[in-house]
1. Roughly how large, in nm² to one decimal, is the mean projection of the convex hull of the alpha-carbon atoms in the chain?
2. Where does each of GLU102, GLU271 land when they are ordered by accessible area, with a 1.4 Å probe and the largest first?
3. I want to make sure I understand the PRE zone here: with the label point 7 angstrom from the Cα of SER246 toward its beta carbon, which residues in the range 191-215 have backbone N atoms less than 17 Å away?
4. Per residue, how much accessible surface does the chain expose to a 1.4 Å probe? Answer in Å², no decimals.
5. Cα-based count: Lys pairs in the chain below 24 Å, eight or more positions apart or different chains?
6. How much net charge surrounds LEU135 when only the other residues with a Cβ under 9 Å from the Cβ of LEU135 are counted, with Lys and Arg +1 and Asp and Glu -1?
7. How big is the charge dipole of the chain about its Cα centre, in debye rounded to the nearest 20, if each Lys and Arg gets +1 on its Cβ and each Asp and Glu gets -1 on its Cβ?
8. Considering the dipole of the chain built from charges on the beta carbon (Lys and Arg +1, Asp and Glu -1) around the Cα centre, which of ALA176, LEU58, GLY131 is farthest to its positive end?
Amino acid sequence: MWCALLLTFGVAGFIEISKAPQPMPLPGWVESMREVHARFTGQPGTLALFGDSITVSLAFWAPLAYECRNVPPEMAHALAVVKEHMRPECWRQWRGPEFGNEGRTTVRWAKQHIHEWLKKLNPETAIIMWGTNDLNDLSEDEYRNSLKEVVQQCLQNGTVVILTTIPPRHGREEKAARFAQIIREIADELGVPLIDYHAEILKRRANDWDGASEAFRGYETYEVPTLISGDGVHPSNPQRFLGDFSPEALRCSGYGLRNYLTVLAYAEVIEKVLRPSKAPAP
């Protein structure tokens, strides 16, 4: 009888122990980015935004410095982490060609000037997105090789890279999807974190993401209530959703969605790579 009771208690105890929450495994890019960050010699909290018109626009990133509403809990936490760590000039002052972002540019331009930006800025982290303009002229091989070289130069500098897939584009849907896949493959190969903007747009608006379609005729270019604006190229930015991060806003504002995804990714990098000793326990 006593043996039966002990056996029963032991099994029950084992079951209870097995139900204890286990810490989440770290993403695969964490160790490789910690190695990169160990080589960093610049000023902590510096964030470079490398990209074309979708990046140089102050509709990207800068609005997060101001009051936001309908903020989900995970974003509220991320904003607090970013605002504690990032230097304030990186919200809106690091814009223009000398800072690595300019309209109508391609990754060819980035390849020519990346060494200059790294020397001038020496950023701790860089968010990189080129490809929308590249759809016009670049082959997949040239795009892949040039983007990979730009990322590698950043990593060699000790700059942690966050890659971002390009959004879908009106009239070039298939090539944009292939370029997005190339970005995913480079992120995986080089062990860098990825913001899959392309996939997130299609997840939220699989059949009506394109503001240049007939369904949205009559709206002003950036006022279309979907994720890509009326020009079929840039993210939308409806005035009524400025600073709003409700579920509806994240389905209707392309820049709002990019800002949401970017702050989550950057906060994760801060907590797991840049300042892991200050991250909360799992």
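1. 18.6
2. GLU102, GLU271
3. Zone members listed by number: none at all.
4. Computed with neighbouring chains in place, this is 48 Å² per residue.
5. 12
6. +1
7. Using Cβ point charges on Lys, Arg, Asp and Glu, the chain gives about 500 debye.
8. Towards the positive end, the residue furthest out is LEU58.
The values are calculated or read from the model by the stated rules, or taken from the named source; none is laboratory data. Computed from a predicted structure; not experimentally measured. For neighbour counting, all protein chains shown are included, and Cβ atoms are generated from backbone atoms with ideal geometry for every residue, glycine included. The area values use the complete protein model at the heavy-atom level, side chains included, leaving out ligands, DNA and RNA. Shrake-Rupley method; radii C 1.70, N 1.55, O 1.52, S 1.80 Å.
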